[in-house]
Every structure is written in C-alpha cells, then in structure tokens.
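Read the figures in this text as sums done on the coordinates, not as results from a lab. On a predicted model such as this, the values are computed, not experimentally measured, just so you know. Please note: Cβ atoms are built from the backbone with ideal geometry, for glycine as well, and neighbour counts cover all protein chains shown.
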Amino acid sequence: MIIVNNEIIEYITIAMFIFSLVPFILLPLKIKLGLFRYTLLYIFLPIYFLFIYFYVTTNNDLYLSYAYIFETIFFFNIYRSYLSNELFLVILPITFLIDDFALMISFYFVTFNLVEFTKKKINDKYGSNLILISTVFYWISILISIFLVFEDITYFSFYSYLFFTLGTIFFIIPALETVKKYEKK
Amino acid sequence: MRKNRSENRIIFEILQLINDEKCTGSIITRKVNIPYTKFKEIEENLLKNELIQAYYYDGHIYYNLTDKGKKLLNEYIKFKELMKLYGIEW
C-alpha cells in the first residue's frame with residue numbers, strides 16, 4: 001500500500017474545501033428560486049472537508065467523528081429528497097457516539113441513493129450521468145472505509161478519501177454546468 | 001400511483017399551463033387536476049401578487065402571465081432542471 005504524506009492530504013482537502021464552496025457562490029447568481037433546497041445539497045460537503053482538514057492537521061479523532069457525521073447527513077439529505085422520509089432522522093444522533101454506526105448508516109443511504117438514482121435514470125430517463133458516477137464513487141469510498149474498519153481498525157484511509165473526493169468533484173460539476181448554461185442565455 | 005403534490009408545485013403547474021396555452025378556469029382545473037375551490041384560492045393569490053392577469057373574451061374569463069409571472073416561472077424551470085440532474089423530482 002502506498003504511504004501518502006499528510007501534507008498531500010492537506011492540500012487536497014484545502015482544494016476540495018474551496019471547490020465545494022463554488023456552488024454557493026455561483027448558483028444563487030443564476031437561480032433565484034429554491035435557494036434553500038439546492039443549498040442543502042451542497043452545504044455538508046465543505047463542512048466535511050473542513051473537519052477532515054482539522055483531523056489531518058491535529059490528528060484529533062474527534063474531528064474525524066464530526067467528518068463522518070456530516071458525511072452521513074450529506075447522504076441522508078439526498079436520501080430524504082428521493083424518498084421524502086424523515087424516519088432515519090431519529091437514528092442520526094446515535095452516529096455522534098459510534099463512528100462505525102455512522103459508516104453503516106452512510107452505506108445504507110448511499111446504496112439506497114445509488115439504486116434509486118439508477119432506477120430513475122432507466123425508467124424516467126432523467127438525471128445526469130455525472131451524478132451516477134459520483135454516487136458510484138461515494139459507494140466505493142464507504143465500502144473501503146467499512147472494509148478497513150473491520151479488517152484493520154483504520155478509521156481514515158487515503159483510498160476511501162480519494163474516492164470520496166472524486167465523487168464530490170463529479171457531484172459539483174453538474175451545478176457548474178448549469179451555471180455555464182444560464183451564463184450563455 | 002401519483003405522489004401528493006405540494007401547493008408550490010400546483011402553482012407552478014398552473015403558471016406553466018397559462019404560459020403554454022390560452023386557458024380558462026375549467027381548463028386549468030381539468031389539466032392540473034385540482035378542485036375548483038382550490039383553483040379559486042390559488043387564482044386569488046396569483047392575481048393579488050400580480051403573477052397572472054384575467055381578461056374577458058367571448059363570455060369566458062381567460063388568464064395571461066404578467067412579466068413578473070414569466071420571470072418566476074423561468075426561475076422555477078431553472079431550479080427544476082438543476083434538481084432533475086440530481087434525480088430529484090420537485
């Protein structure tokens with residue numbers, strides 16, 4: 001396994017933090033309606049990267065726990081949008097206590113999101129291909145995390161983080177494409 | 001099975017319909033699938049907020065979108081397209 005320098009992760013995290021803020025700045029300039037709804041889609045990503053940055057720079061596990069919680073909430077929010085169901089909201093506070101549980105819940109949400117999105121893509125013929133790729137990357141990222149927790153009791157893995165980062169890039173690109181589209185009009 | 005629509009969604013369906021074709025109240029209630037009382041309630045709000053305007057023609061009341069209504073509908077279409085990319089129905 002390649003050993004990755006913490007400094008590299010720091011740089012990636014700073015870049016991703018800035019990148020995940022872009023939709024907040026650009027989208028409201030082009031789309032005035034539904035601000036609250038679409039902001040919710042992106043808001044948990046910069047928070048996640050911020051906590052990862054704190055974790056990498058301080059090595060304090062508490063920050064990693066927060067990062068996992070916001071990761072879970074990010075997937076939960078998309079799950080909620082697909083299903084309009086608040087059932088799992090009651091489970092979320094438990095994830096504050098147990099990281100493994102946050103990962104398992106994230107895995108459930110991301111798997112559900114992947115299945116639901118694929119169904120919509122096939123049956124209703126809508127949804128961006130980039131979001132499908134993004135969800136696959138997220139799914140792989142969580143799977144790697146779970147595998148490493150059970151195999152090696154490692155709570156932070158570069159490979160899982162890398163897939164999450166790739167997933168985030170693909171998740172944000174459609175927002176940028178939308179901005180570009182309305183820029184021309 | 002059709003999901004329950006939110007009030008906002010019904011309003012935008014009405015605005016979209018008025019924008020697409022010349023319509024009366026009965027056409028709207030039929031195409032948007034809402035009871036007449038609900039339509040009157042929404043119509044009153046839309047007129048009050050100057051999003052639509054009503055005019056008489058050939059014994060019927062027809063509706064038009066105002067500029068403000070067109071702007072709002074345009075914003076809604078943009079928002080809906082963004083949500084569709086994420087596979088979210090709104």
Margin query: It is to be established whether one or more residues within the range B:61-69 are within 14 Å of chain A (Cβ to nearest Cβ), within 13 Å of the chain's Cα centre (by Cα), in a loop (DSSP other than H, G, I, E, B) and closer than 15 Å to B:Asn8 by Cα.
Written below: no
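Conditions (1) within 12 Å of another protein chain (Cβ to nearest Cβ); (2) surrounded by 19 or more Cβ atoms within 10 Å (Cβ to Cβ), marked per residue:
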position: A:Thr58; (1), (2): no, no
position: A:Leu62; (1), (2): no, no
position: A:Thr72; (1), (2): no, yes
position: A:Asn77; (1), (2): yes, no
position: A:Ser81; (1), (2): yes, yes
Condition set surrounded by 15 or more Cβ atoms within 10 Å (Cβ to Cβ) and either within 19 Å of the chain's Cα centre (by Cα) or assigned to a helix (DSSP H, G or I) (or both), scope the range A:25-36, selection farthest from the other protein chains (Cβ to nearest Cβ): answer is A:Leu26
Counting only residues that are of a type in the set (S, T, N, Q), closer than 13 Å to B:Glu13 by Cα and more than 11 Å from the chain's Cα centre (by Cα), the range B:28-52 contains a total of 1
- request: Scan the range B:67-89 and give yes if some residue there is surrounded by fewer than 17 Cβ atoms within 10 Å (Cβ to Cβ) and touching a strand residue (DSSP E or B) at 6+ places or on another chain (Cβ under 8 Å), otherwise no.
  value: no
Within the range A:155-175, restricting to residues that are within 11 Å of chain B (Cβ to nearest Cβ) and over 22 Å from A:Tyr66 (Cβ atoms), the one that is surrounded by the fewest Cβ atoms within 10 Å (Cβ to Cβ) is A:Ile173
Taking the range A:131-185 and keeping only residues that are touching a Leu at 6+ places or on another chain (Cβ under 8 Å), of a type outside the set (Gly, Ala, Ser) and not in a helix (DSSP H, G or I), one is left with A:Thr154, A:Tyr155, A:Phe156
Of the residues in the range B:35-60, those that are of a type in the set (A, V, I, L, M, F, W, C) and assigned to a helix (DSSP H, G or I) number 4
- Task: Check the range A:135-154 and report whether any residue there is surrounded by fewer than 17 Cβ atoms within 10 Å (Cβ to Cβ) and either within 12 Å of the chain's Cα centre (by Cα) or within 14 Å of chain B (Cβ to nearest Cβ) (or both).
- Result: no
Exception for A:Asn123 within (1) crowded, with 17+ Cβ neighbours inside 10 Å; (2) part of a helix (DSSP H, G or I) falls at (1)
Residue pairs qualifying under the 8 Å Cβ cut-off, at least six apart or on distinct chains, with the first in the range A:156-185 being farther than 23 Å from A:Ile78 by Cα and the second being of a type in the set (D, E, K, R), are A:Tyr182/A:Lys30; A:Tyr182/B:Lys78; A:Glu183/A:Lys30
